[in-house]
Amino acid sequence: MLTHDVRELTRQVIDHARQYNDDDAHTVAAGALTASGRVVLGLNTYHFLGGPCGEIAVLSNHASSFPDDPITVMAAAYGPTGDVVAPCGKCRQIVHDLSPDIQFVVRDSGGLEMRSARDLLPFVYDQHAAERPQRIHMWQGYESAIRTGAKRQTIRVDDPFRCGPAEIVFDNDNDNGAELSLPAVVTDVRTSRRSDLTAVDAQRDGFESLAELNAALDMHYPGLGPDAPVDVVTFRLLGD
């Protein structure tokens, strides 16, 4: 259910869309609600060479009027009908880059609701991610072995890593959303056939035998053949 402020934003956007959709160049209006409660409106401008969507026009208007009053919610409407419309992929990406927590008003089967830019892009391209350490997800049962140094290696299939800064992230089965991670460094990545793995690989991976390692690989990667390529990823915790 929408709040009063978001309903008012949506109403103003629909009115703006209906009033100014004068031709094929201006068919969609958009609006933004700021943290202080201001509403900023805008229109798309179609041209055969391209042109800004309504949401992009709103971002420009916001930047030139209330740049220190952050956007919290955005909405858009199609002028000829007044229907609320979801943002296109480009607008989702641009708004996500501005702030993934900005909410969009969208229509679902139960009516109007709000979804964050993050929710609308489940496999988003994050331009800042390249500057962050790579994340190596581990079963939470490995935490003790990694902390003590008994496990300093992981074997992956179709899960590429590179030498450099990393975070060991333990997958938590709890629903509280808490995430445990440890700073680390990937020191080596070696590609091998599965059949070429050795007892030493098993030991570095925290297993007592090669048979145990192969049993774990069968569980994680069903159907993995003996000639299948695997990446042997060696790491150390920062401070070790």
**Cα centroid separation, region 124-145 to region 49-104 (Å)** = 31 Å
**Message:** Taking every pair of distinct Cα atoms and averaging 1/r, then inverting, what Kirkwood hydrodynamic radius in Å comes out for the chain?
**Reply:** 21.5 Å
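Can you work out the FRET efficiency for the pair Ala215 and Arg132, with r the C-beta to C-beta distance and R0 = 30 Å, to the nearest 0.05?
Values: r = 34 Å, r/R0 = 1.12.
Step by step, r from the Cβ atoms, then E = 0.35.
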**Request:** May I ask you to derive the FRET efficiency for Ser109 and Asp24 from their Cβ-Cβ distance with R0 = 25 Å, giving the value to the nearest 0.05?
**Result:** 0.25
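Placing unit charges on C-beta atoms (Lys and Arg positive, Asp and Glu negative, everything else neutral), compute the dipole magnitude of the chain about its Cα centre in debye, rounded to 20. Intermediate results must be reported in sequence, preceding the final value.
Values: 21 positive and 35 negative charges, 59 e Å.
So the dipole magnitude of the chain works out to roughly 280 debye.
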**Residue among Gly42, His16, Gln153 farthest towards the positive dipole end of the chain, charges placed on Cβ** = Gln153
**Prompt:** Quick one: if you stick a label point 7 Å off each Cα along the C-beta vector at Ser195 and Ser144, how many nm between them?
**Reply:** 3.7 nm
**Asked** So between Ala228 and Asp97, what do we pick up on full extension, going 0.36 nm a residue minus the alpha carbon distance?
**Response** 43.3 nm
**Complete:** Between Asp159 and Lys90, Cβ-based FRET efficiency (R0 22 Å, step 0.05) works out to 0.15
**Asked** When the helix-only estimate is applied to the chain (DSSP H runs of n ≥ 4, each -39,500 (n - 2.57), divided by the residue count), what is the mean residue ellipticity at 222 nm, nearest 500 deg cm²/dmol?
**Response** -8000 deg cm²/dmol
**Request:** Calculate the dipole size of region 8-142 relative to its Cα centre from +1 charges on Lys and Arg beta carbons and -1 charges on Asp and Glu beta carbons; express the result in debye to the nearest 20.
**Result:** 320 debye
**Request:** Keeping the other protein chains in place, figure out the carbon and sulfur percent of the accessible area of the chain, with a 1.4 Å probe.
**Result:** 52 percent
**Request:** Sticking with the crude label model, points 7 Å out along Cα→Cβ, report the distance from Leu238 to Asp68 in nm, one decimal please.
**Result:** 3.4 nm
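The values are calculated or read from the model by the stated rules, or taken from the named source; none is laboratory data. For clarity, every value in this text was computed on a predicted model and none was experimentally measured. We place every Cβ from the backbone using ideal geometry, glycine too, and count neighbours over all the protein chains shown. The accessibility values were calculated without ligands, DNA or RNA, using every heavy atom of the protein model including side chains. Shrake-Rupley method; radii C 1.70, N 1.55, O 1.52, S 1.80 Å.
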